[in-house]
Amino acid sequence: NAGVTQTPKFRVLKTGQSMTLLCAQDMNHEYMYWYRQDPGMGLRLIHYSVGEGTTAKGEVPDGYNVSRLKKQNFLLGLESAAPSQTSVYFCASSYTLYEQYFGPGTRLTVT
Amino acid sequence: GNSVTQMEGPVTLSEEAFLTINCTYTATGYPSLFWYVQYPGEGLQLLLKATKADDKGSNKGFEATYRKETTSFHLEKGSVQVSDSAVYFCALPTISSGSARQLTFGSGTQLTVLP
């Protein structure tokens, strides 16, 4: 039982490049979330999904897109990376809506 | 909407010292309250929770009491260890504009325990 895994762990992008972050969970959870963590700002919700084939915007969705084609996977895409998107990205999943299980994070730097 | 205000850090303590990390909330009704912990290099994990007013959540020697009179959920531990060094987040549910429930996290408090 791996829990929540994230790929990649680290990435450096140049401004304007695109990339996709992959989140996978093996707990059969309906709910999945993408957060970004910045110093002094805690976690901010980017997008979330309440089930396969559904997605919704969170607090800071601009510049990001997501897809949930399979229940176990939740992808976060950056179409044209900007330095303001330098952050640590966490994926989480949950069964009960409130008790969330987090992945180890992806550290992204945009130069 | 619901919000949480957390004590700013960083907090540095010696081993076996008493720990308090303050958390106050603003909410409609009496939502469940949570403390999450993030160890270095890892994602967040649930530390404890309280689902109604006057409940006490506890885990790994940590405790927090849901106090509706003071709208607080302070985290306490009687004797901290070096292994408790981490970032601690207070959290509560909130309803988004799309009517889906989410967690709102505080800004986090960095705790460092020195041997």
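Key figures for this structure:
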quantity: Qualifying residues in the stretch B:51-63 (those that are surrounded by 13 or more Cβ atoms within 10 Å (Cβ to Cβ) and farther than 20 Å from B:T28 by Cα) - the one farthest from the other protein chains (Cβ to nearest Cβ); calculated: B:G61
quantity: Residues located in the stretch B:40-50, provided they are free of Cβ contacts under 8 Å to residues at least 40 places away in the same chain and more than 9 Å from every other protein chain (Cβ to nearest Cβ); calculated: B:L48, B:A50
quantity: Members of the stretch A:88-111 found to be hydroxyl-bearing (S, T, Y), in a loop (DSSP other than H, G, I, E, B) and under 15 Å from A:L43 (Cα atoms), listed by number; calculated: A:Y98
quantity: Failed condition for B:E69, given (1) out of contact with any Gly (no Cβ under 9 Å at 6 or more places or on another chain); (2) surrounded by 17 or more Cβ atoms within 10 Å (Cβ to Cβ); calculated: (2)
quantity: In the stretch A:48-66, the residues that are more than 11 Å from chain B (Cβ to nearest Cβ), touching a Ser or Thr at 6+ places or on another chain (Cβ under 9 Å) and crowded, with 16+ Cβ neighbours inside 10 Å; calculated: A:V66
quantity: Residue within the stretch A:49-56 that is within 25 Å of B:Q110 (Cα to Cα), assigned to a strand (DSSP E or B) and in contact with a strand residue (DSSP E or B) (Cβ under 9 Å, 6 or more places away or on another chain) present; calculated: no
quantity: Some residue of the stretch A:103-110 being surrounded by fewer than 17 Cβ atoms within 10 Å (Cβ to Cβ) and modelled with pLDDT of 95 or more; calculated: yes
quantity: Hits in the stretch B:75-98 (condition: surrounded by fewer than 16 Cβ atoms within 10 Å (Cβ to Cβ), modelled with pLDDT under 90 and either part of a strand (DSSP E or B) or more than 10 Å from chain A (Cβ to nearest Cβ) (or both)); calculated: B:I95
quantity: Near pairs, Cβ below 8 angstrom, 6+ apart or cross-chain, from the stretch A:15-41 (in a loop (DSSP other than H, G, I, E, B) and surrounded by fewer than 16 Cβ atoms within 10 Å (Cβ to Cβ)) to any residue that is charged (D, E, K, R) and modelled with pLDDT under 95; calculated: A:S18/A:E79; A:D38/A:R44
quantity: Residues (within 14 Å of chain A (Cβ to nearest Cβ) and not in a strand (DSSP E or B)) located in the stretch B:11-29; calculated: B:A27
quantity: Test: A:R44 is surrounded by 19 or more Cβ atoms within 10 Å (Cβ to Cβ) and charged (D, E, K, R); calculated: no
quantity: Some residue of the stretch A:79-87 being in a strand (DSSP E or B) and either under 10 Å from the mean Cα position of the chain (by Cα) or over 25 Å from B:Q45 (Cβ atoms) (or both); calculated: no
quantity: B:V37 being at pLDDT 95 or above, surrounded by 13 or more Cβ atoms within 10 Å (Cβ to Cβ), within 11 Å of chain A (Cβ to nearest Cβ) and outside any loop (DSSP other than H, G, I, E, B); calculated: yes
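The values are calculated or read from the model by the stated rules, or taken from the named source; none is laboratory data. Please read these numbers as outputs of a predicted model, since none were measured by experiment. Don't worry about glycine lacking a Cβ; one is built from the backbone with ideal geometry, like all the others, and counts go over all protein chains shown.
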